[in-house]
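Here is the structure we will look at, set down as structure tokens.
The numbers here are math on the coordinates, done by the rules we state, and not lab data. Everything quoted here is computed from the prediction, not taken from an experiment. Cβ atoms come from the backbone with ideal geometry, glycine included; neighbour counts cover every protein chain shown.
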């Protein structure tokens with residue numbers, strides 16, 4: 001049976017993890033909005049490439065997704081905090 005101290009510790013850890021997940025979600029959402037807002041400029045700078053965005057800034061790019069992730073890992077960056085988007089040269093048309 002868990003002690004009160006263990007229960008409190010687990011509860012605090014759970015709350016901290018929930019906050020981390022919420023913060024990551026917000027960061028990715030803001031990065032995605034930034035990409036959408038700046039897509040025309042990004043198409044010129046990174047045609048048909050994957051981009052890694054952190055804090056509304058492109059920190060790395062590559063035409064190959066695996067290579068991009070490899071570059072990020074070599075830089076010892078926390079992949080969880082980075083938004084990766086593919087920048088097409090042509091706008092995507094959605095059929096509804």
What whole number of Å gives the distance from the Cα centroid of segment 29-96 to the Cα centroid of segment 1-21?
-> 35
Take the chain, connect every pair of alpha-carbon atoms lying under 10 Å apart with a spring to form a Gaussian network, then pick out the residue of 65, 12, 42 with the largest mean-square fluctuation.
-> 12
Round to the nearest 10 and give me the degree value, 0 to 90, for the angle of helix 4-37's Cα axis relative to the longest principal axis of the chain.
-> 10
Helix-derived mean residue ellipticity, 222 nm - over the chain, DSSP H n ≥ 4, -39500 (n - 2.57), to 500 = -18000 deg cm²/dmol
Determine the relative contact order of segment 4-87: mean sequence separation of Cα pairs under 8 Å and six or more apart, normalised by residue count, in whole percent.
-> 30
What shape does the chain take by its C-alpha gyration tensor, where a ≥ b ≥ c are the square roots of the eigenvalues and a/c under 1.5 counts as rounded, a/b above b/c as prolate, and the rest as oblate?
-> prolate
For the chain, longest principal axis from Cα atoms; helix 65-74 axis from its Cα atoms; angle between them, nearest 10 degrees, is 50
Inter-label distance, nm, simple model (7 Å from Cα along the C-beta direction), residue 77/residue 4 = 4.7
Put a dot 7 Å past each Cα toward the Cβ at residue 92 and residue 36; how far apart are the dots in nm?
-> 1.2
Rounded to the nearest 0.05, FRET efficiency between residue 45 and residue 70 (Cβ-Cβ, R0 25 Å) equals 0.75
